[in-house]
Every structure is written in structure tokens, then in C-alpha cells.
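Written out below as C-alpha cells is the structure these notes cover.
The values are calculated or read from the model by the stated rules, or taken from the named source; none is laboratory data. Bear in mind that the values here come from a model prediction, so they are computed numbers and not experimental data. Here Cβ is always computed from backbone atoms with ideal geometry, including for glycine, and neighbour counts include all displayed protein chains.
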Ligand code: SF4
């Protein structure tokens with residue numbers, strides 16, 4: 001039996017795994033002693049690999065390139081040569097007829113790796129000539145990137161996953177780590193065992209709330225009001241660090257003014273938490289020697305999410321909880337390589353290494369390395385994936401090249417997304433499974449999976465980690481970056497790479513932030529957090545050392561603004577609030593975990609809707625009964641899960657089920673800055689079938 005060094009392909013915790021291989025098959029996975037997981041794995045890491053053995057009876061794995069010669073025709077299996085020729089010709093026709101901006105691409109935040117994401121954004125920029133490349137960060141932690149970039153100068157977690165357990169106070173806001181990142185939840189438990197105070201803000205009494213010293217069950221959609229009341233309290237009770245604020249921050253007077261009406265006593269009705277509890281929480285946070293704020297999608301999937309992220313960073317700035325060990329801001333990124341996709345420039349406004357597309361000097365550097373004329377690099381910020389349905393309906397986007405994403409399952413308001421897809425002339429899907437989106441494609445380009453190739457992922461704490469190939473792929477599939485290179489070459493830009501390392505060296509040459517993280521250094525269990533600028537550096541465990549922020553002034557920006565209620569409030573017709581949530585046994589669109597026998601047996605269609613017992617009783621609905629869930633945009637069937645840990649006003653659904661797809665119900669009210677949809681709040685109702 002061979003043990004192959006890998007990294008779990010599911011959440012951003014970045015757990016190191018040994019894939020155990022015998023006779024060309026994976027026979028089990030076991031936890032390796034990685035920096036973030038210390039030998040532990042959750043059930044997805046332990047059992048989420050059986051699709052790699054490719055029992056065709058169980059999986060919807062893609063094995064051959066396929067095209068539809070006309071719209072509405074059946075898929076036809078073709079050779080790779082023909083699939084590449086067909087795709088390149090269609091993309092060139094669309095570019096010639098409608099211009100470069102008519103084509104949109106996605107990278108993938110899943111198991112493909114940093115090298116592929118780098119090559120995909122290079123394809124968009126150097127071959128197509130636009131910045132229309134984006135990833136699912138847009139629908140999850142996009143607001144964390146935008147908000148933290150503005151106030152602190154880096155859009156990522158300030159410290160590390162390992163560091164969490166040594167913090168004296170964990171302030172957990174809108175983050176259900178037990179379901180979304182079980183190995184991070186383990187760090188929270190360890191922190192508690194070491195004596196840390198835990199404060200949890202969440203409308204549901206999530207698992208972490210059960211071990212918390214204080215639980216604040218805020219009303220759904222009131223995050224900004226509560227964060228403002230926290231900041232008000234820190235100033236009002238003089239709990240903030242005056243010296244730190246004077247020396248290292250800017251904007252205090254305006255900040256204070258914005259907070260004037262947010263005394264805990266004023267906002268207690270709005271947020272549903274007594275003023276005394278709000279004040280108590282801030283005393284705990286401010287009086288801890290070291291404190292960390294952790295958040296998840298309970299913060300980011302709202303129409304005012306960027307403002308709330310800036311508000312949370314303000315709490316850390318007010319108390320000086322930045323720039324040293326065991327403190328900081330921790331937006332724990334969702335999918336295993338969503339941090340990496342952002343690092344590699346799968347963003348419409350940034351080249352790899354967070355270098356702006358609007359900066360002439362940066363464009364010049366990339367044009368020179370890529371051997372293209374400077375004018376070929378678009379100086380304008382590109383489109384975001386959440387804008388694509390609207391742009392397609394308006395006729396501005398005509399072709400969509402989607403790699404390892406499933407927007408027809410994961411995007412808000414699926415009837416709108418379907419209309420967008422119907423308006424497109426050409427859709428290319430590069431994936432490992434027949435997803436909802438792949439079913440609608442004109443071309444399917446089947447790729448190798450995690451386990452069948454190696455590469456580098458970046459976990460949620462900026463840590464680069466290498467994973468190796470464990471087994472050979474069985475179908476007529478190719479590595480993602482090889483497919484993109486073949487397409488680029490067919491379109492007149494010769495591109496070829498011999499190895500992951502060759503691509504990574506190009507990344508390092510172009511990105512000062514990553515230059516010191518060589519392939520060699522990343523061997524085995526290594527975990528190197530960027531910035532890693534020098535060849536001798538071992539990376540940066542915490543950002544903002546010396547309280548130097550990466551903002552234009554070098555100071556942290558304090559920011560507060562007025563609370564706005566969510567866009568669609570409950571009414572007589574739709575009296576409940578619908579919020580999307582996570583589920584421990586499955587991940588993202590479920591294309592991978594839903595094709596794992598062990599994980600599928602734990603939870604299966606038609607998903608569930610969580611309801612409070614009082615509300616279910618009034619409606620005469622029993623536990624496990626199949627019900628209708630309806631919003632202004634659609635109606636789906638789901639299984640009722642009566643759950644007394646949730647609040648009475650809201651119902652909760654996970655978004656990955658094919659039957660009971662809750663994105664039929666969600667709405668695409670977007671945050672004005674990050675363009676992230678408000679999937680944590682819309683009006684809905686539940687009725688008996
Ligand atoms: Fe670790 Fe996340 Fe994988 Fe679970 S899903 S093993 S927590 S990386």
C-alpha cells in the first residue's frame with residue numbers, strides 16, 4: 001500500500017490527508033499531521049474520495065469530450081482534437097462578432113489547484129483580451145476580500161487556523177464552523193478547553209453557541225446595527241485602546257459620528273438582544289488579552305455585507321487586536337481553494353498576487369512576461385459571475401466558459417440564471433461530473449480530478465500546501481491546464497507547460513507576494529503562508545506586524561455606516577424569512593460529495609427545510625413531512641426538519657439539493673460593492689402538500 005500526500009478537496013481548513021493506494025485504487029484516507037489538522041479529519045475528508053475509483057454505476061463522472069453541433073441537439077462524443085477545434089472556432093467567431101468582452105470565464109475554487117487557476121486567468125487576459133474571469137468567492141467571501149482590503153489592506157485572514165486555539169477570546173459572528181469547517185471547530189473547542197471566552201452571535205443556536213460563554217441570538221438581517229452597537233459600546237465605556245487608535249488608525253471622528261444613534265439601548269429592539277448583553281459581550285472582547293473575530297457567510301451573504309466586514313475590522317482596530325499572535329480577523333474561506341483562486345487572479349479586478357488590472361505598470365509587467373502587446377491587456381475591471389445572467393439577457397455576454405463551477409445550482413434566483421443561460425450563444429463546461437450546468441452546455445471538456453493530479457492549494461489562512469497525484473485517471477480526460485493550453489494554442493496563442501512547477505515558477509516570477517514559496521519548499525507537510533517574498537522566508541504567520549497596514553496611509557481605516565434592512569421583508573403572503581445554511585455531510589453544489597457512496601448514504605434528496613416547532617405546529621406540519629417551500633421566485637419540495645435550535649421567524653435550507661433546490665427561492669439583491677447576493681434573507685412560506 002502506498003500513502004500519497006494530499007490535501008482534502010472540500011473545505012478551506014486545508015486538512016492534510018494520506019490517500020492510501022493499492023492496485024491503482026484508493027482503499028482509504030487517513031489524516032496526516034498537517035499544520036491545520038494535526039492528523040484529524042472530518043467525515044468528508046475520511047470518506048469523500050470513493051468516486052475516484054470510478055464505479056460508473058455510482059457516479060456521474062465525465063469520461064469523454066462531447067459537443068452539441070446545434071442548439072438543442074444531443075451530445076455527441078468526439079475526439080479531443082475536434083472538441084478543441086470546435087470550441088476555439090466558436091469563441092473566435094463570438095469575439096470577432098461581439099468583441100472580447102462578450103466572453104466570460106470562471107476559475108474553480110475546488111480541487112483543480114492554483115496552477116490551473118493561473119492558466120485560466122491568463123487565457124482570459126492574454127488570449128481573449130478581457131478581465132472577465134471570476135470564481136465562487138463572489139457568492140461567499142467576496143465581501144470579506146473587499147471590506148478587509150479597504151480597511152486593513154489585505155483581503156485575507158490575518159493570522160492562522162492553528163493560532164485560533166491560543167486566543168483568549170473568540171468572537172464568532174455568523175459562522176457555523178461545526179458544519180462548514182469541522183476541523184476549525186475543533187480549534188474552537190480546544191481554545192475553550194484552554195480557558196478562552198467564547199461569544200457567539202447567530203440567529204440559530206448552532207453547535208458553537210452551545211459551548212459559548214455568551215450567546216447573542218440576533219434577529220436575521222440586523223448585522224450592521226449590532227456591529228455598530230458593539231463599536232458604540234467600546235467607545236462609550238472607554239474599552240478601546242486610545243493609544244493604538246491614535247497611532248495606527250484613521251477616521252475616528254467620522255466613525256464616532258456615524259455611531260451616534262447606535263447605543264445598545266437604541267438598537268436592542270432592532271437586533272433582538274438586550275442592551276445589557278451587547279455591553280457584556282464587548283467587555284469580554286475588549287478585556288481579553290488577545291481576541292480573534294471569526295465570521296462566515298452569516299456575515300457575507302447580505303446586501304450590506306462589505307459594510308459589516310469593515311465594521312468588524314473596526315472592532316479589532318479599536319482594541320488593538322491585530323499585528324501579533326493569537327488575535328485578528330478570521331473570515332474562514334469556504335471551499336478548499338477559494339483563497340487560492342483569488343490568489344491566482346481569478347478576479348475581474350486583480351492579476352495574480354493582488355495586482356490591480358487598472359495599474360499600467362502591472363499590465364506592462366504581465367504583457368512582457370506573456371509576450372503579448374501591452375494594448376492587449378484590458379485596462380478595465382471585468383464582469384462578476386453574479387452579473388452574468390443580467391448581461392446575457394441584455395446581449396452583452398454571449399459565451400460562458402465555466403471550469404469546475406455549477407452556477408445552475410449555486411447561484412441565487414435560478415429562474416433568472418436559467419433565463420441568462422437561455423440567452424447565451426455558447427456554453428463550455430470543463431468539469432469532472434455531469435452537473436446541472438454541464439447538462440445545458442454546448443461543449444463538455446472532461447478533466448482529471450483531485451487525486452488524479454497534483455498541485456498547490458491555498459487554505460483559508462493563506463497557507464500554500466502541495467498535494468500529489470495518487471492514481472491514474474481512467475477516462476479520456478485531461479488535466480485542466482492542459483485543456484486550456486490546447487484551446488489557447490488553437491486560438492493563435494501558443495501555450496504549453498510541462499509541469500505544475502513550471503507554471504508555479506511563472507506565478508512566482510510575476511507575484512512578489514509569493515516569490516519565496518518555491519515548489520521544493522512546499523514538499524511534504526509544508527504550509528507556507530503568504531506573503532513569502534524572499535527565497536529564505538518561511539512565510540508570514542500573522543499580518544500587520546508593527547501595526548503597519550497595507551492601506552495608502554499605512555493606517556487602519558475605521559469605518560461605520562447606517563444599517564439598511566434587507567431588501568425583501570416578510571409580509572402577509574410570505575411571512576417567514578428564508579436563509580441558506582451549511583450541512584456537514586455535503587459540500588458546495590454536492591457534485592463531488594453527492595457522488596460519494598458513503599456521504600450520499602448519510603443525507604440524500606430531497607434535502608430539508610428547518611422549522612421551529614411552534615411554527616410547524618401552527619401549520620399542522622409534522623417532522624420529516626414533505627412540504628412546499630415557496631417565495632416570489634419559485635416553489636420547491638423539501639422535507640421538514642423540526643428544529644428547536646432555530647428562531648421562530650426564519651426557516652433554513654441548504655442549497656445543494658437537486659430536488660428542493662433552495663436557490664429557486666433566493667433572490668439576487670447584490671451587495672453594491674462585492675456584488676454578492678443576499679442569500680441569507682428573503683421572504684418565503686411553507687405549506688402542506
Ligand atoms: Fe478538513 Fe474541511 Fe476536509 Fe473536513 S472538509 S477534512 S474540515 S478540509
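Observations on the structure shown:
- Single residue of segment 551-582 satisfying the filter (part of a loop (DSSP other than H, G, I, E, B), more than 16 Å from the ligand (Cβ to nearest atom) and within 23 Å of the chain's Cα centre (by Cα)) that is farthest from residue 317 (Cα to Cα): 567
- Filtering 115, 93 for residues that are outside any loop (DSSP other than H, G, I, E, B) and over 26 Å from residue 454 (Cβ atoms) leaves a single hit, 93.
- Any pair with Cβ under 7 angstrom, 6 or more apart, that starts in segment 1-28 at a residue that is farther than 25 Å from residue 333 by Cβ and ends at one that is at pLDDT 95 or above and near the ligand (Cβ under 7 Å from one of its atoms): none
- The one condition from (1) surrounded by fewer than 23 Cβ atoms within 10 Å (Cβ to Cβ); (2) within 11 Å of the ligand (Cβ to nearest atom) that residue 14 does not meet is (1).
- Consider segment 168-188 and keep the residues that are within 16 Å of the ligand (Cβ to nearest atom) and in a loop (DSSP other than H, G, I, E, B). The one that is nearest to residue 291 (Cα to Cα) is 175.
Quick grid of which residues meet (1) touching a residue at least 12 places away in the same chain (Cβ under 8 Å); (2) assigned to a helix (DSSP H, G or I); (3) under 21 Å from residue 671 (Cβ atoms); (4) out of contact with any helix residue (DSSP H, G or I) (no Cβ under 6 Å at 6 or more places or on another chain):
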residue: 361; (1), (2), (3), (4): no, yes, no, yes
residue: 366; (1), (2), (3), (4): yes, yes, no, yes
residue: 382; (1), (2), (3), (4): yes, no, yes, yes
residue: 395; (1), (2), (3), (4): yes, no, no, yes
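- Candidate set: segment 28-63, residues that are over 24 Å from the mean Cα position of the chain (by Cα) and at pLDDT 95 or above; chosen: the one nearest to the ligand (Cβ to nearest atom): 29
- Condition broken by residue 161, with the remaining ones in (1) within 16 Å of the ligand (Cβ to nearest atom); (2) surrounded by fewer than 24 Cβ atoms within 10 Å (Cβ to Cβ); (3) modelled with pLDDT of 95 or more satisfied: (2)
- With respect to the stated conditions, residue 585 fails to be buried (at least 20 other Cβ atoms within 10 Å of the Cβ) and assigned to a helix (DSSP H, G or I).
- Check on residue 191, at pLDDT below 95 and either within 14 Å of the ligand (Cβ to nearest atom) or in a helix (DSSP H, G or I) (or both): no
- In segment 236-250, the residue that is farthest from residue 314 (Cα to Cα) out of those that are touching a helix residue (DSSP H, G or I) at 6+ places or on another chain (Cβ under 9 Å) and not in a helix (DSSP H, G or I) is 237.
- Condition met for residue 402 (at pLDDT 95 or above and either outside any strand (DSSP E or B) or farther than 21 Å from residue 87 by Cβ (or both)): no
- Hits in segment 74-88 - residues which are loosely packed, with under 12 Cβ neighbours inside 10 Å and either within 15 Å of residue 401 (Cβ to Cβ) or at pLDDT below 95 (or both): none
- Scanning segment 261-300 for residues that are part of a loop (DSSP other than H, G, I, E, B), surrounded by 22 or more Cβ atoms within 10 Å (Cβ to Cβ) and in contact with a strand residue (DSSP E or B) (Cβ under 7 Å, 6 or more places away or on another chain) yields a single hit, 273.
- Residue match in segment 610-622 (condition: outside any loop (DSSP other than H, G, I, E, B), within 16 Å of the ligand (Cβ to nearest atom) and in contact with a strand residue (DSSP E or B) (Cβ under 9 Å, 6 or more places away or on another chain)): no
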